[in-house]
Structures are given as C-alpha cells and as structure tokens.
Amino acid sequence: GTKPNLSSVTIDGTPIPGTRNGDRSVKLDDVPSDVLGAIEVSKTLSADQDAAGIGGTVNLVTKIPESSPRGYISALFGATSIDAGTAGQGSFTYGGRVGDDRKLGFLLGASFDRNNRPLEDVEPFWGPTASGNGFYPNDFNQRYYLYSRERYGVDGDLDYRIDKETQVYVRGLYSRFYDHGLRYLWDVASNADSTGAGGSSPSIGTQGSSGRQVEERTPVENTYGVNAGITKKDFGPFQFDASASASGSNASERNYRNTDFNYTGPDLAYGYASSTSSTPRYSITDPAVMASLMNPANYAMTGYDFGTNTTTAAQVTGRMNFRLPYQLGSMPASLKFGSAVSDLVKQYNQQDEAFGVTAAAAPTLASFTGGSTNQHYYTMGFPGGINLGPMPTNSGTQAFENANPGMFGLQQGNAVGDALSNYYGHERVSAAYVMHDLDSGPWHVNVGLRLESTYQNYRGYADTLSADFNSPTSVAGVQRVSGGHTYNDVFPSAQLRYAFNDATNMRVAVTRGIARPDYAALAPTTLGTPNSQVPGGAAFNQSVTSGNPSLQAEYAWNYDVLFEHYLPDDGLISFGGFYKDLHNIIYNQRFQNYSGPIVAYQGAGY
C-alpha cells in the first residue's frame, strides 16, 4: 500500500542502491527469478534490520548447496496472439557439498530469457468541451511497441564448514537487463472543440494536428550483490556472525533516439463517441481527411533528439552481530546486539541533444517509410481496429540524419541542460542496535532499539548566465554547488506474537522507520530558466526546479496487525491491517514568474 521508494530491497541482507536515476526504488524485474532460492518479505521492522523500510523489506535470497552435487537444466518457450510475439527462457544450476564430511559447498547457476513483446497502447488526453459541461479527448496518442527484452543472470555460492559451529562463505548474484525496442507513434490532437448534435457528441474543429514518430529505446540495467562472511555459533557464550558486502546498480542509454514528423495536410477533425467513455473511441469523420492522414507526403520531418546517459550506484557494507541465548527463569530468551556501516556513492551523467530541421525544404515521411505498422491495431477497443498508416523506418531516418548534419541545427540550451542534470552523491549510514527476545508459553515478545547516524553530501550544478540558456553550446556560467548534512535517529520497535496453537497465531507490531530523500531531490541541481533570463520575462511563465542537499528525511510510526492460519496440508489463510503515521512528508514546491538570480533557490524549502 505504499510507494516503491518507501520499501527496501536487499540481496542476502545486503542493501541494493536504487537502480533509477532519481529515486531510491529498485527495479525487481531486472533480476531473473531463476537465480533465486527464495524471496523473503518483511512487513515490519526489527532492530537488527536497516530502518529504511517503512513500506517493508524484500530480501532476494540466493541458492545455497545442501546435499550431494546435482543440477538441473530447464527451457521454456511461449507465444502471444498479438502480432506473433514470442518469448523464451533457459536456465541451469549445478552444485552440492563435497570432500570430507562434505565441508566444502559450491553452486553455480545462470539464466537467460528473451521477450519479443509487441504492445498496442492508446493514451487519450482530456480537455473541457466547448459547452463546458464535460470533457473530451483532445489528443489520441497511439503507440505501437516492438520490444526485444533480454535478461541475463548469474548466481554462485562457495562456502566451507570449518567445524559444526563455524562456516565461512562468499555468495551473490549479478543480473543484466536489455530493455531494448522500437516505438512507433501516431498522434491526432486538437486545441478546439465544437459540440455535436444534441450536445452529447463532441467533435474537433479545424485546429487539429497530427504527427508521427519512431523511437529507438536502448536502456541497459545491471544489478549485483556479493556477500562474504563468517558465522560462529560458539564464540564464547555468543553466537557470532560478521559480513562484508558490495552491491550496486547501473543503468545506461546509448543513442536513445527519436525522429518526429508533423502533419502538413488539410485541416482535420475527428468525432468522439462519448457513450463509450470506458473505452474511448474516435473516428476521422471525413474520408478525404483520413486519406490525407494516411499519405506520407503530408508529414514533414521537424527534427530528432537522442540521449546518452549513465546512472551508477555502488555501496559497501560491513556488519557484526552477537547473540546471547539464555534462560530467564523457565523462559527461553536471547539478547542480540551489533553494528553496521554502509557507504554509498551515486552519480548521474547526461548528454542529451535535440536538433531541429533548418533546411528550407524539410524531407517528408514519403522518403522514410518502412517502419512497422498495423492494419488492425487495437482491435480490443475499436471495432475492426485502427489502421496506423505509414511509419518511419528507424534505420533510414538515422542514416539520413547522420549523413546530412548541415540540414539540422542544435537547439538552444542543450549543453547547459546536460550540465545542470548531472549530480554526484555520497552517503554513509552508521548503525548500532540492541534487541531482546522472550518466549513465555504462547507468547513471543521482541523489543529493540536501533541508532542510526546518516551523513549525506551531494554535488550539483547551477547557471546564472542568460547566454547559456539561449545558446546551444555555452556552459560558461555553470557552477558546481555542493552541500549536505549529518543527522542522528532513534528507532524503537516492539513486536508481539500470540500462538493460539501450532497452526494459528496473531501478531502485533509497533515500529518506527525512515525514508531518506530521493537522490535527485538531495542534489543541489537547478533545472529550468527564470524569467529574467528569457526574452519577454514573466509573459513566458517560466518555472525552476532545484534540489536541496539539506532536505530532511521522512519518518513513520508503523502499526501492524496480522492473523495467520496454516492449513493442514498446504496453504495459508491470513488477513491483517496496517496504519502508518508519516511525518516530514517530502513534497515538491514549484516557483513561477521568478525574476531574480537563479542561485537564490539553493537551500530553499527545508
């Protein structure tokens, strides 16, 4: 019930830094399930867990060897009825325990899958009707995706049991996800509405527009976690474990590119069947206009843009835990305490460029047809489907653009926009905790206290020269800006479980957690253009977005109740509820019509 960046994701207990550019959420679909031994979900927090889990914690557990060497190989294949899409998957795992008393354990696994997924997507945007008594779709954005997603994964374990009480190990996983594909887009829009007969069927007037686009998507995402450690159950009176881990993620895009063509034919209008609002349906009412929209010669190339950027995050963590089992009278009890230090580096580098056609006569789509189209697109929502019409070929448009640089001009603000998007961040969290468990008949009680000290320092960029914003290449006024702060927190927790019998129990928990601000929100980067740097000033109603390295974290008191009943053979019946009392809610504030120096935003809003 909470947003993804309020939850925590770990690999064998090792925190994974956020895989996205700006926020802390982790993309779980980057990791193939075949390399996992289990997925553990913690709905509440205990003192021996990192406090950054307001929404819960998902722990990806790698496979470990437990018996004599053995393995398996699997392969799957599937197909979809939409445009003959196919999917396939293959994996293998081999491992076990060998040597004297099978002290040495090893395991190696790998997985690969590919999904050639076609996707038909209609995205209507809505505006008020001319009569003011309703809304109509003033834009139909029709998208046709041809994905070729590939996912690779490798997992491994090597451990040695020195004796019955002592084990050393190293284990982890690595995954790589190619989220590649092509997107073809046909857009029909209007900025005017006229009410149809009876006032119930809006139709567009003569201010309609249309466009076609081809886009090549090139994201590549990597996630990894490696954990080395020792467990010793007879460390004097204590059970002891210690570990050192490295985890990280990175994402990159190379020549993430799209080319646009705008409609230049006769004025267009379309009708909209308002009686079917659950599946919005529109139609081109004039056959001559429809024929014009299907004519590639009526679409002129307006330009192209591409992005090349990289997001990287690397985190190292060290942990040490001691557990002392003992008897409190006749009641089993244990005292556990420990410490942890985690160090994170996160950075983002962007190089986006946008080019507009500067030639007197722009080439038309007629010279670049050949992209994938669909004569019966979206038959689920539109009787008979839609004829998407001519689409530009990706290879043809890119070859033309690369061979004719003189026909295109770099648009204003490209260089300074890239510079202001980059950031670098360093975070370190030091923690110590103490926790106590007690069993008394059907009751189990867990109470704990965790202390965390957070150090954050972020570097971003700001620009104060209007010439930079009005030039395609200048970054003369770009200045590096840095800032940060250190804060300390206390996180108490209490959990109570009552067992009605061996199969039925009820749990109650009261805990406190933290959600640290997103990376992009902490970086003191300033994006946008104040009015003082735009010809015309306030008439353009410009806005500015600025990060804040002094931004405080978000906190929550969490109250959870859960009832569970395990069925005799297999299965579980459970129900529960939670209430989260959030404090220091992080929100965005938008400034408009600002005419002063852009540096005045630095440090605002905390």
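The values are calculated or read from the model by the stated rules, or taken from the named source; none is laboratory data. Values in this document were obtained by computation on a predicted structure and should not be read as measured data. We place every Cβ from the backbone using ideal geometry, glycine too, and count neighbours over all the protein chains shown. Calculation scope for accessible area: heavy atoms of the full protein, side chains included, ligands and nucleic acids excluded. Shrake-Rupley method; radii C 1.70, N 1.55, O 1.52, S 1.80 Å.
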Selected residue [β-branched (Val, Ile, Thr) and outside any strand (DSSP E or B)] from VAL289, VAL316: VAL289
Scanning the stretch 24-53 for residues that are without any contact (Cβ under 8 Å) to a residue 40 or more places away in the chain and within 17 Å of the chain's Cα centre (by Cα), the one farthest from ARG114 (Cα to Cα) turns out to be SER25
Is it true that GLY127 is more than 25 Å from SER33 (Cα to Cα), open to solvent by less than 40 Å² (accessible area, probe 1.4 Å) and more than 27 Å from the chain's Cα centre (by Cα)? yes
Taking ASN349 as meeting all but one of (1) farther than 30 Å from ALA521 by Cβ; (2) open to solvent by 40 Å² or more (accessible area, probe 1.4 Å); (3) not hydrophobic (A, V, I, L, M, F, W, C), write down the number of the exception. (1)
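Quick grid of which residues meet (1) modelled with pLDDT of 95 or more; (2) under 30 Å from PRO287 (Cβ atoms); (3) hydroxyl-bearing (Ser, Thr, Tyr):
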site	(1), (2), (3)
VAL214	yes, yes, no
LYS232	yes, no, no
GLY236	no, no, no
ALA242	yes, no, no
ALA246	yes, no, no
ASN255	no, no, no
ASN258	yes, no, no
LEU268	no, yes, no
GLY271	no, yes, no
Going through the stretch 19-56 one residue at a time, which ones are of a type in the set (A, V, I, L, M) and either part of a loop (DSSP other than H, G, I, E, B) or open to solvent by 30 Å² or more (accessible area, probe 1.4 Å) (or both)? VAL26, LEU28, VAL31, ALA38, ILE39, VAL41, LEU45, ALA47, ALA51, ALA52, ILE54
Matching residues, the stretch 145-177, being part of a strand (DSSP E or B) and farther than 30 Å from SER249 by Cβ: ARG161, ILE162, ASP163, THR166
Criterion first (within 26 Å of GLY56 (Cα to Cα) and buried (at least 20 other Cβ atoms within 10 Å of the Cβ)) does GLY513 satisfy it? yes
In this structure, is ILE16 open to solvent by 10 Å² or more (accessible area, probe 1.4 Å), closer than 30 Å to TYR458 by Cα and not basic (Lys, Arg)? yes
For the stretch 121-150, enumerate the residues that are closer than 16 Å to ARG217 by Cα and touching a Leu at 6+ places or on another chain (Cβ under 9 Å). ARG143, TYR144, TYR145, LEU146, TYR147, SER148
Elements of type strands (runs of 3 or more DSSP E) contained in the stretch 520-567, each with 1 or more residues being over 24 Å from GLN412 (Cβ atoms) and either open to solvent by 30 Å² or more (accessible area, probe 1.4 Å) or at pLDDT 75 or above (or both): 554-566
Tell me the strands (runs of 3 or more DSSP E) entirely within the stretch 379-489 that contain at least 1 residues that are touching a strand residue (DSSP E or B) at 6+ places or on another chain (Cβ under 9 Å), closer than 30 Å to VAL341 by Cβ and open to solvent by 20 Å² or more (accessible area, probe 1.4 Å). 423-440, 443-463
Can you tell me which residue is farthest from SER42 (Cα to Cα) among those in the stretch 490-510 that are surrounded by 17 or more Cβ atoms within 10 Å (Cβ to Cβ) and not hydrophobic (A, V, I, L, M, F, W, C)? ASN505
Quick check on my filter: what residues within the stretch 64-120 are farther than 30 Å from THR166 by Cβ and among the polar types (S, T, N, Q)? SER74, THR80, SER81, THR86, GLN89, SER91, SER111, ASN115, ASN116
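Listed here are the residues, each with its yes/no results for (1) free of Cβ contacts under 8 Å to residues at least 60 places away in the same chain; (2) open to solvent by less than 50 Å² (accessible area, probe 1.4 Å); (3) part of a loop (DSSP other than H, G, I, E, B).
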site: LEU60; (1), (2), (3): no, yes, no
site: PRO65; (1), (2), (3): no, yes, yes
site: SER68; (1), (2), (3): yes, yes, yes
site: ILE73; (1), (2), (3): yes, no, no
site: LEU76; (1), (2), (3): yes, no, no
site: SER81; (1), (2), (3): yes, no, yes
site: GLY90; (1), (2), (3): yes, yes, no
site: GLY95; (1), (2), (3): no, yes, no
Only one of (1) open to solvent by less than 50 Å² (accessible area, probe 1.4 Å); (2) without any contact (Cβ under 8 Å) to a residue 12 or more places away in the chain does not apply to LYS336, and that is (2)
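Go through the stretch 222-272 residue by residue and tally those that are of a type in the set (D, E, K, R) and open to solvent by less than 20 Å² (accessible area, probe 1.4 Å). Lay out the reasoning, then the answer.
Residues of the stretch 222-272 that are of a type in the set (D, E, K, R), as a first pass: 232-234, 241, 253-254, 257, 260, 267.
Applying the additional criterion that residues be open to solvent by less than 20 Å² (accessible area, probe 1.4 Å) yields 257.
Result for the stretch 222-272: 1.
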Do the conditions hold for ALA314, that is, is it under 30 Å from TYR178 (Cβ atoms), open to solvent by 40 Å² or more (accessible area, probe 1.4 Å), in contact with a Gly (Cβ under 9 Å, 6 or more places away or on another chain) and at pLDDT 95 or above? yes
Test each condition in (1) at positive phi; (2) over 23 Å from the mean Cα position of the chain (by Cα) for GLY56 and report the one that comes out false. (2)
